[in-house]
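Q: One structure follows; several queries about it will come next.
Just so you know, all these numbers are worked out from the coordinates, no wet-lab data involved. This is a predicted model, so every value here is computed, not measured. As a convention, Cβ positions derive from the backbone with ideal geometry for all residues, glycine included, and neighbour counts pool all protein chains shown.
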Amino acid sequence: MAALSRLTKLGALLLAAGLLYGMFARPDLPAPADKVRQEADPFAFVRSMEGTRPDGDIKQSADGDLVVDAELGHLFDYYLAGLGEKDLGAIRAEIERELDRRLKPGPAAQAKRLLASYLEYKRALVDVEQQMVATSDMAKSARARLEATQKLRARFFTPAESAGLFGFSDAYDLDALARVDISVDPKLTAEQRAEKLAALDKKLSPAMRAEREAPTRVLRTEESVQKMREQGASDDEVYRVRAAAFSPEGASRLAQLDREEADWKLRIAAYKTDRAALQPGAEAMLQQLRSKYFSEEEQRRLGAYE
């Protein structure tokens, strides 16, 4: 049980780091801050994408066919992350415009067909998720979800399309599940467990190894940033460290998050000061105060601060 508890905590930590990596890390070479600011799109599709470029290094072959790989899915997901700021129709139209900008007519038409299938697949995936039976066995739940997802894909994609779009992520998930099985197996000694994990490490492709190491690289970098800030480092110095570790775009997006967090903290502090001056029971004035500092969506987060 202790091992499972440690695994759960580590998994949550690495998941958070993995999400950060997925949002911010791109395989571009670092560039000076002023160059990135010049390249940042001031008219981004949605506000949360300001200062970024669309993900997905989509390609077409020498024969003029679309290359179906994970990068195509990255492009779709980049724009789909804007749901809530834009409706699905607007998002789909923007993805199709991006495909037309990057690809010749033939490959663009192939990509649009795949986009239609991808959207239908995402809708169906919601139903699959809702039908999953909850269990306390993390590995069992994850394996059942992966199997159900793979079965679902056959309704929307050919085997080659599924392998291209999801092959890498499936291999990553299967490797992670194998590591969970080893980590929680009570019959293994510490030495046997280490040997089995080392054997899995040897089977990793270079791309898979880089992907596995990415979350811990995010954590190490942000720990370094925290120490730099404590020592009085400037925003530009922090930017350059992040750009070297991830990408210029990733560094810019993290800097934007830093600004938003600082602004949130300032508004929380001002709100608390003004709230303390209110008379007990002045609910109407309290709501006016909340509306003064926060949007309706932000007000839902205030419970943790009150």
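Q: Regarding Ala148, is this residue in a helix (DSSP H, G or I) and either of a type in the set (Lys, Arg) or within 22 Å of Leu174 (Cα to Cα) (or both)?
A: Spelling it out, Ala148 is indeed in a helix (DSSP H, G or I) and either of a type in the set (Lys, Arg) or within 22 Å of Leu174 (Cα to Cα) (or both).
Q: Among (1) without any contact (Cβ under 8 Å) to a residue 40 or more places away in the chain; (2) surrounded by 14 or more Cβ atoms within 10 Å (Cβ to Cβ); (3) closer than 20 Å to Leu66 by Cβ, where does Lys122 come up short?
A: (1)
Q: Restricting to the range 74-104, and then to whatever is within 12 Å of Phe45 (Cα to Cα) and small (Gly, Ala, Ser), can you tell me which residue is surrounded by the most Cβ atoms within 10 Å (Cβ to Cβ)?
A: Only one residue tops the list, namely Gly82.
Q: Moving on to the next point. Please go through the range 132-190 and give me each residue that is surrounded by 15 or more Cβ atoms within 10 Å (Cβ to Cβ), free of Cβ contacts under 8 Å to residues at least 60 places away in the same chain and either among the β-branched types (Val, Ile, Thr) or touching a His at 6+ places or on another chain (Cβ under 9 Å) (or both), ordered by number.
A: Thr149, Ile182
Q: Let me ask another. Considering only residues that are in contact (Cβ under 8 Å) with a residue 12 or more places away in the chain, outside any helix (DSSP H, G or I) and not hydrophobic (A, V, I, L, M, F, W, C), which ones fall in the range 74-90?
A: Gly82, Glu85, Lys86, listed by residue number.
Q: In the range 127-144, is there at least one residue being closer than 30 Å to Arg47 by Cβ and among the charged types (D, E, K, R)?
A: yes
Q: With the requirement that a residue be assigned to a helix (DSSP H, G or I) and more than 20 Å from Ala210 (Cβ to Cβ), what does the range 231-252 give you?
A: Passing the criteria: Asp235, Asp236, Glu237, Val238, Tyr239, Arg240, Ser252.
Q: Next up: Condition first: free of Cβ contacts under 8 Å to residues at least 12 places away in the same chain and within 17 Å of Met49 (Cα to Cα). Now tell me which residues in the range 216-257 satisfy that.
A: Leu257
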